Every structure is written in structure tokens, then in C-alpha cells.
Amino acid sequence: MLLGAIADDFTGATDLCSMLVRGGMRTVQLIGVPLPGQMASDADAVVVALKSRTAPVRQAIDESLSALKWLQAAGARQYFFKYCSTFDSTDQGNIGPVADALIAALGCGFALACPAFPTNARTVYQGHLFVGGNLLNESGMENHPLTPMTDANLVRVLSRQTEGTVGLVPFVTVDQGAHAIRDAMTQLKERGRRYAIVDAITDTHLISIGEAAESHALITGGSGVAMGLPGNYRKAGLLSETIDPGALPKLEGACAVVAGSCSRATLAQLGYVRAHLPVFELDALGTPDPAALSDAALTWASGKIGDKPVVIAASAPPEKVAALQSRLGREQAGVLVEDAVARIAEGLVARGVRKIVVAGGETSGAVVGRLGVHSLRIGAEIDPGVPWTLAEGSGPSLMLALKSGNFGATDFFLKAFRALEG
Ligand code: ADP
């Protein structure tokens, strides 16, 4: 294993995995802290997906250190702490405290911090994080329910979260390339800084930063700053050119879509697929009971599984979602539907379905949990940010495509199954 990564949430982990596969690395995502004997064979990179972004600080640290220990025992050469490209955190944590703990455990004394991801319009200039043309604190992130970001100056933000001190590698240095960045980071470390926020506006900057961090034990940032790492391993002769990193074995079995996302993109995708595939809509308002909803959907699906992919959706437009929420409360409504969709996925697998597209981030977490999935081997992307994965766990092997709500083109569901035929 070349790279061992710890991600502070599930979809963020998949995002990093996709970046590494694109760079030519065979990558496996593990769900939660792996068990001591758990294997991830044939992987150049392993990304442990935690749910530590908004967990209590002590829990986030403990889980991250447990993940690090497992990655160390598995023989990783370099470590990566992945957080959100909008630096989602509070003055209490969890980015600073977790990074502090990882630096202490690795004994490296220093790490760069770079959330920039220009492809998604996240850039860092003079230590200030921009989302598109807006400073982070004017991007809408200042209103985030859990991690409101009210300061765009990451040197200040990280300083409030760490016992160490934070320096800056500014744009003028980054723009000169890897040598200049390496020298600047060395100087900051020698002057006792624990962190360097590193500016980045383009992918070229990210690749230079990756190159400059070649000998760093720990890198912290968004998935963007991982862009340069495969090149380092290749240059060192550690990564083969010839393999197809996203190659997955073919699985026999029926196909299905389960959707719990109510995002605009998912609603459009469901609208499109109605003309092509059988679709069953859950009536969560009429039957607010997960077991009954699941029974109804599985009875409908029973005669249809195997011919064409079947589509089962809880997804609803805002007024319907609001109606259920006002009856049950926001959280209860979410949990009820997630539970129903997860049961349906389990029932579909029991009836021979092996290839499932899941729409929705939280929904994906619920489905993966219910199916007892421990690891996802990352395959080729269907659309940006959504790869097919080979899921292994306590049940049969499955192909899963876990789609964050707003991802994917309108014909995503058809495209996903077409990609498996080739
Ligand atoms: P996205 O990735 O689009 O945000 P998520 O799965 O993360 O999708 O979140 C969607 C949430 O909406 C889930 O908690 C899901 O259970 C809930 N939900 C889905 N359908 C309905 C509905 N008809 N009424 C109320 N809540 C719903």
C-alpha cells in the first residue's frame, strides 16, 4: 500500500478514491475503522471512510488514530487526512485536533493543509478560501447548520483549532513550482510552524504541491491536493503504468435503482427514466412505516426483477417532503425513509439483485450499513464523482454505485447499467 487515507465523511472518501483511480492507483474504500485482521489486498491506496466531521472531538481523534494504526500495520508509506474542500469545521474542531493527533502519532511535526479543488471552484489565495467568486464566509457556508464557516482566512481558522502555529505558502511561491514550495515548507517547519496553509488556484498548483510533499509523512486537504501524488509514486517506480486501476470483475445478477435523494438532479433523473424502466414510488406520507413501505415495494418488484432494472424511489418534490416532515419532524422523516430504502435494498439482494444504483448521500450510508458492506473497490466513473464499486461484506458481492444527490447527468441511471455491459 502506497497511500493510507482517513476521510472525515463517506462521500468525501469516495471523492478522494475517484481522484486516486483517475491517477492510476487501485483504490479501496473501507467503511468505518477496519477490524484488526481485515484485508485490503491488491490496493495501492486505501481510504478509510469515517463519520467524524461533526462527531465529538475526542471521538473523531480516537477513530482517526485507530484508522491510522490499521493503515500503519497494513504498511502504508504515506498518509492523507481528507476533509471537505470548504474546510467544514468549528473552532472546536475537528480538522485541527485530528491533524494534531495524526502529526503526533506519526512524529512528523509538520503537515501542509490545502482544501483547494479548482475543478469544483474551490481556490485558496493568500490563505483565503473562495467558493466560486465568493469568500467562504459569503458563499452560503456561513449558514451551514452544523459547521457554519464565518471566516475565510484559513490561517486564522486553523490557528483557532490547533495548539500549534500556522504559516502560509502564498500564491507567488506556489506559482514558481515544486522546488519553491518545498523550500517554503521547509523554512516554515524550521521556524517551528506545525502547519502551512498552501495557496492553490489551478490544478497545476495542486500537482506542484503534491510533488513538493513527496517526502511528507502526512498530507491534509481536500481530494484536489491528492492529484499530484500518483505521479510521485510513479516517478519512484512504485506504481505500475500498465494496469487498469478501475478494472472490476463482472458480476452476474439483476439490476435495480433505489432512490432516497430529493435533490433536483435526482428528481430529473427519475423523470427521465420513467419512459424507459418500471418505476415504483413509495408513499411515505400514506404509509409512514418502513416495514410496510418495504413490503409494498418488494411485492411490486418480485415479478419484474431480472428483465430490466427496476427503480424504487422515495424521492419527492419539496412540498411532499415538507408534508412528511411537518407530520413527523425533519429528522424522523429522514430516518423513516432511509430505513425503508435500506430494507428494500436488502430485500432486492435477497431476490437476486446484485447491481444497485443508490441515489442520495445519507441514503447510501443507510443502504451500505444495512447490507453489511465493509469495503468498496473503486471502479471507473459513470459520471464525475460517481464510480461503480465492487462491494464486499457480510453478504454476497455486489456492484454498487452510490450517487450523491446532485451528481450525474439526466440519463444517469441508464448510463450506469450500460457501463456494466461493455
Ligand atoms: P442527497 O444526497 O440528495 O442530499 P440524501 O439521501 O443525503 O440525499 O438525503 C435525502 C434525505 O431525504 C434522506 O434522509 C431521505 O430519507 C429523505 N427523504 C427522501 N424522500 C423523502 C420524502 N418523500 N419525504 C421526506 N423525506 C424524504
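The table below gives the values:
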item: The range 148-158 - phi-based ³J(HN,Hα) in whole Hz, Karplus 6.51/-1.76/1.60, Gly and Pro as x; result: x, 9, 9, 9, 8, 7, 5, 5, 5, 4, 5
item: Cα-centre dipole for the range 169-278 with unit charges at Cβ (Lys and Arg positive, Asp and Glu negative), debye to 20; result: 340 debye
item: Directionally averaged shadow of the range 1-134, computed from the convex hull of its alpha-carbon atoms, nm²; result: 8.3 nm²
item: Between 0 and 90°, nearest 10: helix 264-273 axis offset from the chain longest Cα axis; result: 40 degrees
item: Theoretical FRET efficiency, 1/(1+(r/R0)^6), r = Cβ-Cβ of GLU252 and ARG191, R0 60 Å, to 0.05; result: 0.50
item: Label point at LYS51 placed 7 Å out along Cα→Cβ; residues across the range 392-407 whose backbone nitrogen lies under 18 Å; result: 394, 402-405
item: Under the Karplus curve 6.51 cos²θ - 1.76 cosθ + 1.60, θ = phi - 60°, whole-Hz ³J(HN,Hα) for the range 33-49, x wherever Gly or Pro sits; result: 4, x, 6, x, x, 4, 10, 9, 6, 6, 10, 7, 9, 10, 10, 8, 8
item: Debye intensity ratio in log₁₀ form over the Cα atoms of the range 161-205, taken at each q of 0.17, 0.18 Å⁻¹; result: -0.45, -0.50
item: Normalised per residue, the volume of the convex hull around the Cα set of the chain (Å³); result: 135 Å³
item: Residues whose placed amide H lies under 5 Å from that of GLY222, excluding near-sequence neighbours; result: TYR83, CYS114, ALA116
item: Rounded tilt (10° steps) of 318-328 against the dominant C-alpha axis of the chain; result: 90 degrees
item: Relative contact order (%) - criterion: Cα under 8 Å, at least six apart; region: the range 3-235; result: 23 percent
item: With Cα atoms, 0 to 90° folded angle of helix 178-190 axis to the chain main axis; result: 70 degrees
item: Positive dipole terminus of the chain, leading residue within THR186, ALA60, VAL273 (C-beta point charges); result: VAL273
item: Rounded FRET efficiency, nearest 0.05, which uses the C-beta distance separating ARG264 from ASP295 and R0 of 30 Å; result: 0.50
item: Mean residue ellipticity (222 nm) of the chain, computed from DSSP H runs ≥ 4 via -39,500 (n - 2.57), nearest 500; result: -11500 deg cm²/dmol
item: Residue among ILE103, ILE201, ILE243 with the largest mean-square fluctuation in a Gaussian network model of the chain, springs linking Cα atoms under 10 Å; result: ILE243
item: Distant-in-sequence amide H partners of VAL169 (H built 1.01 Å from N, under 5 Å); result: ILE197, VAL198, ASP199
item: Placed amide H near VAL47: partners under 5 Å, 5+ positions off or other chain; result: ALA5, VAL28, GLN29, LEU30
item: For the chain: relative contact order, % (alpha-carbon pairs under 8 angstrom, 6 or more apart); result: 16 percent
item: Cα-projected label distance for ALA236 with HIS144, points at 7 Å along beta-carbon direction, nm; result: 3.1 nm
item: Antiparallel bridges, percent of DSSP beta bridges restricted to the range 254-419 (to nearest 5); result: 35 percent
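Read the figures in this text as sums done on the coordinates, not as results from a lab. The structure presented is a predicted model; accordingly, all values stated were derived computationally and were not measured. Cβ sites come from the backbone with ideal geometry, for glycine too, and all protein chains shown count toward neighbours.
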